[in-house]
């Protein structure tokens, strides 16, 4: 619609959007000036090792162990790389590997979501998380394939418009 000239035909001074928010009583509105909702990015990380039998782990490269190490180390990105006065979240929401208790799988797939209020922190996450995944995988003799996708930026409400609303 914008490409088709909507705002040339119908000029506006500001655009206001609403978001349903659980916990706000019916008929009431909640207003936040400044950062209101964090950016939303996603990553799919596939850690590839060498499958093998659980009774002979020395003949395999265990991507489950490498993934566990990465997940633990991931918490250091927020706690040690991001300024403590800033906000960031890195969540591993999905882990898939193997199908038998006695087989070391060839690979593990992790799905992550990352959130931040500032572009600086968002960029830190985008740089540090793939680097950490690759380094952790490599330390176990495995390889990390990272597909990091930027989603929506943070929602920042302007003070004047928020006060007006």
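The values are calculated or read from the model by the stated rules, or taken from the named source; none is laboratory data. Keep in mind it's a predicted model, so treat the numbers as computed, not measured. Methodologically, a virtual Cβ is constructed for each residue, glycine included, from the backbone with ideal geometry; neighbour enumeration extends over all protein chains shown.
Details
- For beta carbons closer than 6 Å, sequence separation of 6+ or different chains, a first residue in segment 39-67 that is free of Cβ contacts under 8 Å to residues at least 40 places away in the same chain and a second that is part of a strand (DSSP E or B), the qualifying pairs are 59/52.
- For beta carbons closer than 8 Å, sequence separation of 6+ or different chains, a first residue in segment 72-98 that is in contact (Cβ under 8 Å) with a residue 24 or more places away in the chain and a second that is in a loop (DSSP other than H, G, I, E, B), the qualifying pairs are 86/117; 86/118; 87/38; 87/117; 88/82; 89/38; 97/105; 98/105.
- Any hit, segment 88-108, residues being surrounded by 20 or more Cβ atoms within 10 Å (Cβ to Cβ) and in a helix (DSSP H, G or I): no
- Annotation: of all residues in segment 109-127 being crowded, with 18+ Cβ neighbours inside 10 Å and not in a helix (DSSP H, G or I), the one that is nearest to the chain's Cα centre (by Cα) is 114.
- In segment 128-164, the residues that are modelled with pLDDT under 95 and surrounded by 13 or more Cβ atoms within 10 Å (Cβ to Cβ): 155, 156, 157, 161, 162
- Unmet criterion (only one of (1) in a loop (DSSP other than H, G, I, E, B); (2) without any contact (Cβ under 8 Å) to a residue 12 or more places away in the chain) for residue 141: (2)
Okay, residues lined up against (1) over 25 Å from residue 150 (Cβ atoms); (2) surrounded by 12 or more Cβ atoms within 10 Å (Cβ to Cβ); (3) touching a strand residue (DSSP E or B) at 6+ places or on another chain (Cβ under 8 Å):
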| residue | (1), (2), (3) |
| --- | --- |
| 30 | yes, no, no |
| 47 | no, yes, yes |
| 66 | yes, yes, yes |
| 73 | no, yes, no |
| 78 | no, yes, yes |
| 83 | no, no, no |
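- Boolean, residue 34 is within 24 Å of the chain's Cα centre (by Cα), in contact (Cβ under 8 Å) with a residue 24 or more places away in the chain and over 30 Å from residue 70 (Cα atoms): yes
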